[in-house]
Amino acid sequence: MSHSALATNNLEAFWMPFTANRQFKKNPRLFVGAKDMHYTTADGRQVLDGTAGLWCCNAGHGRPKITEAVQRQIAELDYAPAFQMGHPHAFELAARLTALMPSPIDHVFFTNSGSESVETALKMAIAYHRVRGEGARTRLIGRERGYHGVNFGGISVGGIVANRKMFGPLLAGVDHIRHTHDLSRNAWSRGQPENGAEYAEDLIRLVQLHDPSTIAAVIVEPVAGSTGVLIPPKGYLERLRAICDQHGILLIFDEVITGFGRLGSPFAVDHFGVTPDLVTTAKGITNGVIPMGAVFCTSQIHEAFMTGPEHLIEFFHGYTYSGHPVACAAGLGTLDTYEEEGLLTRGAELAGYWEDALHSLRDARHVIDVRNIGLIGAIELEPIAGEPTKRAFSAFLKAYDAGILIRTTGDIIAMSPPLIIEKHQIDQLVTTLRDVLQGLD
Ligand code: PMP
């Protein structure tokens, strides 16, 4: 069946995730190919990828080393049982990944997605306290406007109302601190906002409310991506770290978006110089080519699980596809590509150009804020009264027609292009977006 026949005849059965299905199926947008910075649509147009797929294709599309590694792996060893058996590529990838992390983060547990990484990290945190004899530490703390995937743990610590409200009481023993987004003080920030480190003090209030001996972990995205690129104020993450240290609470960074070069360093951990106890990742770990996620932890956490009796499984957790050979091969091909092309730090070289280009939209129609860090940025639009999200979503549709892929959340446009982007393509994103905004109601 040709692509166009598919587009018109066969859209019903697939219930699409996080998509207005009824709207989409009246006016479908289908990609049928991708190479480097561009997608090809079913009607043969080229669309410049301003979002690295869903924040994941950091090396761009159709990268030969990754394709070849995957093809070779499928032919050689398609699957190996994940429990009580191993295969060399999982160990090789783990060693190479942990080498990217600062000490004392030195172990990695494989999952298949960001959501699974979050569940794994939350369980690891609670179990860690328990194996050390602090079984009362079960409480988890997230943030308003946090996004930590869609499983029950993730939506419980997450702070997106729409993702939570349909699904019952969620996990017990979860609390939230405020997010730091504050346009009244920090609009038009370049890099980290100046104001708001004091939002970290919310954690002290929760510590006093619950007693620290009941709190297992705090989870935050160093830069919240999915809820509109919320960048931590200067000093905020450092303060969270200090409060956690003071009270024996583990700090989890959800780096599903910020990992693998997005901020111009391998991880946000490096960019901000704050080392958490656990780091969740996914997406860029395989350049989005094969589903995979990972949780990094410190030697202290790993060691606590290793000290029990020899015959016991140390952590009663894992997935059939943890460390899947094909995903590991994709991960190794991805790391080769990132390292050979300097992509894990290329964002730092381009960040200044990116920043100036985005901020040139300050006077574009409807724009009430521009903010950026590394190779990620957001343009916040004035919402239409009574119809939040409508204006930005219209921008997304018009931008797609005009040949650029952007993402929206609420009335915020987010962009996070592949790290191979060239300056003229940054210009194209910005010029097209300016025209699109000019034409919006
Ligand atoms: N955590 C964060 C910070 C994310 O941004 C995402 C996805 N955007 C997830 C978790 C969930 O990842 P996945 O969709 O792979 O389950």
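What number goes with the only condition from (1) more than 15 Å from the ligand (Cβ to nearest atom); (2) farther than 20 Å from GLY259 by Cα; (3) surrounded by fewer than 24 Cβ atoms within 10 Å (Cβ to Cβ); (4) modelled with pLDDT of 95 or more that ILE141 does not pass?
For ILE141, the exception is condition (3).
Kindly provide the set of residues from segment 130-157 that are touching a His at 6+ places or on another chain (Cβ under 8 Å), within 24 Å of ASP182 (Cα to Cα) and not in a helix (DSSP H, G or I), ordered by number.
ILE141, GLY142, ARG143, GLU144, ARG145, GLY146, listed by residue number.
Which count do you get for residues in segment 236-255 that are part of a loop (DSSP other than H, G, I, E, B) and out of contact with any Phe, Trp or Tyr (no Cβ under 8 Å at 6 or more places or on another chain)?
Residues flagged as part of a loop (DSSP other than H, G, I, E, B) and out of contact with any Phe, Trp or Tyr (no Cβ under 8 Å at 6 or more places or on another chain) within segment 236-255 amount to 2.
Does PHE91 count as aromatic (Phe, Trp, Tyr), more than 16 Å from the ligand (Cβ to nearest atom), surrounded by fewer than 20 Cβ atoms within 10 Å (Cβ to Cβ) and not in a loop (DSSP other than H, G, I, E, B)?
The answer is yes for PHE91.
Of all residues in segment 111-138, count the ones that are within 14 Å of the ligand (Cβ to nearest atom) and either surrounded by fewer than 24 Cβ atoms within 10 Å (Cβ to Cβ) or over 20 Å from GLN300 (Cβ atoms) (or both).
8
Quick grid of which residues meet (1) in contact (Cβ under 8 Å) with a residue 40 or more places away in the chain; (2) in the same structural domain as SER394 (by TED's automatic domain parsing); (3) in a strand (DSSP E or B); (4) under 30 Å from ALA95 (Cα atoms):
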residue: CYS297; (1), (2), (3), (4): yes, no, yes, yes
residue: TYR321; (1), (2), (3), (4): yes, no, no, yes
residue: LEU350; (1), (2), (3), (4): yes, yes, no, yes
residue: ALA378; (1), (2), (3), (4): yes, yes, yes, no
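Using beta carbons and a limit of 6 Å, which pairs, at least six apart or on different chains, have the first residue in segment 253-278 and in the same structural domain as THR298 (by TED's automatic domain parsing) and the second one acidic (Asp, Glu) and within 14 Å of the ligand (Cβ to nearest atom)?
Listed by first residue and then by second, the contacts come to ASP254/GLU221; PHE267/GLU255; ALA268/GLU255.
Could you say whether any residue in segment 325-332 is among the β-branched types (Val, Ile, Thr), touching a residue at least 40 places away in the same chain (Cβ under 8 Å) and in the same structural domain as ILE74 (by TED's automatic domain parsing)?
So far as segment 325-332 goes, yes, one or more of its residues are among the β-branched types (Val, Ile, Thr), touching a residue at least 40 places away in the same chain (Cβ under 8 Å) and in the same structural domain as ILE74 (by TED's automatic domain parsing).
The values are calculated or read from the model by the stated rules, or taken from the named source; none is laboratory data. The structure presented is a predicted model; accordingly, all values stated were derived computationally and were not measured. Neighbour counts are summed over all protein chains in view; Cβ atoms, including those assigned to glycine, are modelled from backbone coordinates with ideal geometry.
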